[in-house]
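Laboratory data are not the source of any read-out in this text; all were calculated from the coordinates shown. No experiment lies behind these values; they were computed from the predicted model shown. Neighbour counts run over all protein chains shown; Cβ positions are idealised from the backbone, glycine included.
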Amino acid sequence: LDGLNPAMIIGLSATPKERRHMNVLVEITGRQLEKEEMIKLDLHLHSPTISGNWHEMINEIRKKREALEKEATKLNSNKGIYIRPIALIQAERTGKDQREKGKVHSEDVREYLIEQGIPAYEIAVKSAEMDEIKEEKLLSESSEIRYIITKEALKEGWDCSFAYVLGVIPNAKSEQSMTQLVGRILRQPYAKKTEVRELDESYVYFNKGDTVDVLKNIRAGFEQEGLGDLVQNISPESGPTGSRKVKTKIKTEIVKKYPASLYLPVWMIKENKDYRRFSYDIDIRPKIDWSNKNYGRWLKETIFPLLDKRPIAYE
């Protein structure tokens, strides 16, 4: 487009990729979307099970989706608002010739769901080779789809406000596309809160990866989606995964100087019978409601007087 030498280029984008090259005239913040009741928040982040088995994660997703549907059925009976909660599940493989040992294929997920009593007509696969939701009107009461299995096909350009639960089977620590998949479950049905807390929020489950790293990835995804001002609305349901052993890098010269023994203090938190490393993002940040803080008054009454009375040393 630049090669055409235009007088100007006007773009409309939810997520502009090259912001540094754009003169942004209008920007809608996450707070504005939340105020207009367009997105489901809080977003609840569920850590892997102790075994790290993807079957257990699918079981948890199934329980959550069914609990949401019970609430949705009550809502429909009381207020006539129809919602059919859908779970998106990201598999590691979807290709017809890509089913191999050690990688979870979309057909593996489908078969396991059917084994757990889910009717086959409630399950659909969306991939580059197979699109079983192409003819589906997912928001219609005539649709029966409750589980959609994908790999990357739903990363962008797809929105279904009935999508409430995201399950990530690939390693969430290294899978950058999950940050885009998270955006697929944020849209609020009918852009109006139901006043049922469970139906006004969204849920993410992952099978492999450290909670802290996944949290950082999702925050990055929020930034990409233009929701950077809503990062505190991500609510981890449990602490970082791991054991009592904590790996830490030590300078070579220190190890040489103290080869016999070297101990570094680490703040650990006990959860049931296990221990995990303390994390500010997990243990402190979600518990602070920054929206009620009056920064102007705090600066005027506390900080500025201190600066006026005490000398400031510069290095």
Spin-label proximity, TYR280 to the stretch 188-223 - amide N less than 18 Å from point 7 Å beyond Cα toward beta carbon: 211-220
Check ASP210: other-chain or 5+ apart residues with amide H under 5 Å from its amide H, H built from backbone geometry? LYS173
The answer for ALA163, listing residues at least 5 apart or on another chain whose modeled amide H is closer than 5 Å to its amide H, is ILE86
With r defined as the distance between the Cβ atoms of ASP2 and ARG31 and R0 fixed at 25 Å, what FRET efficiency is calculated, to the nearest 0.05? 0.15
Taking a threshold of 32 Å on the Cα-Cα distance, which of the pairs LYS64/LYS103; LYS151/LYS249; LYS64/LYS273 fall above it? LYS151/LYS249
Length gained if MET22 through LYS249 is fully extended, taking 0.36 nm per residue and subtracting the Cα-Cα distance, is 77.6 nm
Could you pull out every one of the aspartates and glutamates with an alpha carbon less than 13 Å from that of LYS300, ignoring same-chain neighbours closer than 8 positions? ASP308
Quick one: Karplus J couplings for the stretch 186-194, per residue in order, coefficients 6.51, -1.76, 1.60, θ = phi - 60°, nearest Hz, x for Gly and Pro? 8, 5, 7, x, 6, 6, 8, 5, 8
Give the long-range amide H neighbours of ILE39: residues separated by 5 or more places, or on another chain, with amide H under 5 Å away, using H modelled in the peptide plane at 1.01 Å from N. GLN188
Karplus ³J(HN,Hα) for the stretch 196-210 (6.51 cos²θ - 1.76 cosθ + 1.60, θ = phi - 60°; Hz, whole; x = Gly/Pro) runs 10, 3, 4, 8, 10, 10, 10, 9, 10, 10, 9, 9, 9, x, 8
Given the pairs LYS40/LYS137; LYS208/LYS287; LYS40/LYS192; LYS40/LYS293; LYS79/LYS193, which are separated by over 19 angstrom at their Cα positions? LYS40/LYS137; LYS208/LYS287; LYS40/LYS293
